[in-house]
1. How many percent of the accessible area of the chain is carbon or sulfur, using a 1.4 Å probe?
2. How would the stretch 1-52 be classified by its alpha-carbon gyration tensor: rounded, prolate or oblate, with rounded meaning a/c under 1.5 and the a/b versus b/c comparison settling the rest?
3. Within straight cross-link reach of residue 29, meaning Cα distance under 23 Å, which lysines are found once same-chain residues fewer than 8 apart are removed?
4. Quick check: residue separation of residue 188 and residue 84 times 0.36 nm, minus the Cα distance between them. What number comes out in nm?
5. In nm, what is the difference between 0.36 nm times the number of residues separating residue 126 and residue 138 and their Cα-Cα distance?
6. So how much slack lies between residue 115 and residue 29, counting 0.36 nm per residue of separation and subtracting their Cα-Cα distance, in nm?
7. Across the stretch 54-153, what fraction of all alpha-carbon pairs, as a whole percent, falls in each successive 5 Å bin from zero upward?
8. What is the distance in Å between the Cα centres of the stretch 169-185 and the stretch 1-74?
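The values are calculated or read from the model by the stated rules, or taken from the named source; none is laboratory data. All of these numbers come straight from a predicted model, not from anything done at the bench. Please note: Cβ atoms are built from the backbone with ideal geometry, for glycine as well, and neighbour counts cover all protein chains shown. Heavy atoms of the whole protein, side chains included, go into the accessibility calculation; ligands, DNA and RNA do not. Shrake-Rupley method; radii C 1.70, N 1.55, O 1.52, S 1.80 Å.
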Amino acid sequence: MEIKPIKRYHGKVAPLFHNNIDTDQIIPKTHLKRITKTGFGQFLFDEWRYLDDGSPNPDFILNQPEYVDASILVTGDNFGCGSSREHAAWALKDFGITIVIAGSFSDIFYMNCTKNGILPIKLEQKDREDIIQHTFITIDLPKQIIELPNRQIAFDIDKAWKYKLEHGLDDIDLTLQYETEIEKYELQN
């Protein structure tokens, strides 16, 4: 799965205001049989997105026409709790979600997002409620602000994660930036 740099990102917002959405709700364990990072998007929020007969649930937010191509998910507190499965981040990314804005995240899920090119942003509820009043928003990662038509909202992110996301790097890419130094070291031994 390609990780694209995030600098200034303009995208459509989808509200999913539930607290404690766990990784099994994001991607149920019955769909973890793939050996690649792709193909999980079709199963994102599977038990909520589909009715028992397999048809799309018209009441689920991401099935509603105005949110079908949303790439920014705004949600509640403790998003990504539960198991440490990285598949949850893969499913979001494969579905087209680039940014998740929540009140808080499970630590492991937060790390899985940053490792897979998803920007997780922690914000207070009043700010999240303001964001979902807008169809589109712009996020400026270098400046660490969310731009709304009527105001800007600052957010925090660790500088190491910010660097990786701004440059579209995973852990391997980051290591390969030191390839020359690594080769010199290997030649010494």
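1. On the way: 4990 of 10110 Å².
Carbon and sulfur atoms account for 49 percent of the accessible area of the chain.
2. Numbers: a/c = 2.23, a/b = 1.23, b/c = 1.82.
Oblate, because a/c is 1.5 or more while a/b does not exceed b/c.
3. 37, 93, 115
4. Working: separation 104, 0.36 × 104 = 37.44 nm, distance 3.91 nm.
Here the answer is 33.5 nm.
5. On the way: separation 12, 0.36 × 12 = 4.32 nm, distance 1.78 nm.
Between residue 126 and residue 138, full extension yields 2.5 nm more.
6. Working it through step by step, the gained length comes to 28.9 nm.
7. 2, 12, 21, 24, 21, 13, 4, 1, 0
8. Measuring centre to centre over Cα atoms gives 33 Å.
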